[in-house]
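Values quoted throughout were computed directly from the atomic coordinates according to the rules given, and no laboratory measurement underlies them. Please read these numbers as outputs of a predicted model, since none were measured by experiment. Please note: Cβ atoms are built from the backbone with ideal geometry, for glycine as well, and neighbour counts cover all protein chains shown.
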Amino acid sequence: MVVILEAVSGPVLGKRIEVRGGSIVRIGRTGKSDYPIAEDGYLSGLHFAVECDGTQCRIRDLGSSNGTFVNGSRVTEQVVQEGDSVVAGGSTFVIHVDLLPSITGVGMMKTATVPTPLASATKVSEPLPQQGGYSPAETALLSALYASGEAVFAVVDPSRDSRIPAFLDAAGELYTSLDTSGRAAAYVVALPAEARLVHVLIKDGWGRGWGFYGTSKAGLETVRSHFTSFVSLQTASGAAMTFRFWDPRVLRAMLPPMPPEEADAFFGPCERIVVEAEKPAMALEFCRTPGRPRQQTIVLA
């Protein structure tokens, strides 16, 4: 388990503080803290601590003058979850909880992250005509997404960018919550090739970890229902955890080593999954096969 505090406002905007399971990180203004933010004059010398025991994350105020707030409420101590906001001094952080595939999932065997050689890199041979102000790299990505003729969908995470819900509402495309119980604040959205939302996702979202793309012959509700079953997983100790499998970093680690039966269970009604590579100039395409998922690296530049 890895907990990340992403600064979404304040003097360290964009910075990410990582807290691994079994550790405590103290945040404040001075060098007495483990992560000092000297630029924030509203922080106390030792302001708050982030404690991660491997199964849950807890925010604890350290007697600060101006208080620590979780989702708008002042707290002394509070367990936080994916998407919660933490305000301390003049800084606001969003909580991200990464559960990498060393945990046991619903319908999935226990897997481990192992280095896997990339398939040979290719370029899209017949890109779509450049349109809509797309760069050649963006046009190549669109060609990869829509080349098969299957319906394209995206799973997007609003905790990655607060504008995402507004984008979905304004676009007018079909979308639905990934998990209607509210455990996961992610959405599944249909993406016809002509959809205005495609422009937003490609221009604003690619390279920023918003989620992943997939193709399927099934409808949106079938895709949503399938992936909902992977939202809640169990740790080795049996504790229920939310599994943010839609994070490109998780998919890049999880898919290559999957044995055939596990891959078949995860893909479900989907034929392909496309995610950004570590370098946004490349995309990783995972195709469903009778064996392990076939991986191809697509060079977009």
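A compact table of results
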| item | result |
| --- | --- |
| Dipole axis of the stretch 121-299 (+1 Lys, Arg; -1 Asp, Glu on Cβ), positive-most option in Val188, Ser148, Cys287 | Cys287 |
| Size of charge dipole - the stretch 121-299 - debye, nearest 20, with Cβ of Lys, Arg +1 and Asp, Glu -1, no other charges | 300 debye |
| Estimated vicinal HN-Hα couplings, Hz - the stretch 195-200 in sequence order (Karplus 6.51, -1.76, 1.60; Gly, Pro = x) | 5, 5, 5, 4, 4, 5 |
| Stretch gain in nm, segment Gln295-Tyr35, where the contour uses 0.36 nm per residue and the Cα spacing is subtracted | 89.7 nm |
| Between the stretch 145-172 and the stretch 258-301, the Cα center-to-center distance that results, in Å | 18 Å |
| Simple label model, 7 Å out from Cα along Cβ direction - Asp264 to Lys15, nm | 5.0 nm |
| Extension gain (nm, one decimal) between Ser23 and Asp169, 0.36 nm per residue minus Cα-Cα | 48.6 nm |
| Prolate/oblate/rounded call for the stretch 121-299, Cα gyration tensor, a/c under 1.5 rounded | oblate |
| Rough spin-label spacing in nm, given labels placed 7 Å along Cα→Cβ, for Gln81 and Gln56 | 1.1 nm |
| Under 5 Å, built H, 5+ apart or other chain: amide partners of Asp179 | Ala184, Ala186 |
